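The next block holds one structure in the form of structure tokens; read it before the comments.
No lab work stands behind these numbers, since they all come straight from the coordinates. Computed from a prediction, not measured in an experiment: that's the story for all the values here. Cβ sites come from the backbone with ideal geometry, for glycine too, and all protein chains shown count toward neighbours.
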Amino acid sequence: MSLEQTACDVIITDLKAFERRLTEVIACLQPATMRWRILLTIVSVCTAIAAYHWLMDPLTPVVSLTQSLWNHPFFAVTSTLLVLLFMIGVHRKVVAPSIITARTRSILNDFNMSCDDTGKLILKPRPANSSLF
């Protein structure tokens, strides 16, 4: 076996290992991402419904804000929960796999490669007029 063939085999092995690890990381994030998406959706919908009821209450413009929030505890709780979820960074956890794939694509672009949303590597064709430094 020639030295070039051995080097090529090592590179292919490394690329396969990188691809396996990338797909493993993305697949591992998917269940947690789905749970955070569901939680964020439920809390957002509940807040929107509660806000509608709060705004449609004829007493809301008449009473003070604190009294209005005491009259609508569901809105107070859901809006507080929504703010807390954003403060702990749920919005970043929801898009974590897409952030990882976007950053990986930007790095792989230097090597004339890319990856799909599951982490599988995509080899791009060589540029027609490639010149070495």
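For the chain, what is the charge dipole size about the Cα centre, in debye to the nearest 20, if Lys and Arg each add +1 at the Cβ and Asp and Glu each add -1 at the Cβ? Mind dumping the intermediate values first?
On the way: 12 positive and 9 negative charges, 10 e Å.
For this selection, approximately 40 debye.
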*asked:* What lysines does residue 16 reach when the alpha-carbon gap must be under 17 Å and sequence neighbours fewer than 8 apart in one chain are set aside?
replied: 120, 124
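As a check on your grasp of the helix formula, calculate [θ] at 222 nm for the chain: sum -39500 (n - 2.57) over DSSP H runs of n ≥ 4, divide by the residue count, round to the nearest 500. Don't jump to the answer; show the numbers that get you there.
Working: 5 runs with 94 residues, N = 133.
Result for the chain, helices only: -24000 deg cm²/dmol.
Please report the orientation-averaged projected area of segment 3-115, defined via the convex hull of its C-alpha atoms, in nm². If you can, show how the numbers build up before the last one.
Details: hull surface 38.5 nm².
Averaged projected hull area, Cα only: 9.6 nm².
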*Which residues in segment 61-79 have a backbone N closer than 15 Å to a point placed 7 Å from the Cα of residue 49 along the Cα-to-Cβ line?*
73-79
*In whole Hz, with x marking every Gly and Pro, tabulate ³J(HN,Hα) for segment 39-45 from phi via Karplus 6.51 cos²θ - 1.76 cosθ + 1.60, θ = phi - 60°.*
4, 5, 5, 4, 5, 5, 5
*Dipole of segment 3-115 (Lys/Arg Cβ +1, Asp/Glu Cβ -1, origin at the Cα centre): which of 98, 38, 56 lies farthest to the positive side?*
56
*If each of residue 100 and residue 56 carries a label point 7 Å out from its Cα toward its Cβ, how far apart are those two points in nm?*
4.3
*Between residue 84 and residue 18, what is the spin-label point distance in nm, taking each point 7 Å from the Cα along the Cα→C-beta axis?*
4.3
_I need the phi-derived Karplus couplings for segment 96-102: 6.51 cos²θ - 1.76 cosθ + 1.60, θ = phi - 60°, integer Hz, Gly and Pro marked x._
4, x, 6, 5, 5, 5, 5
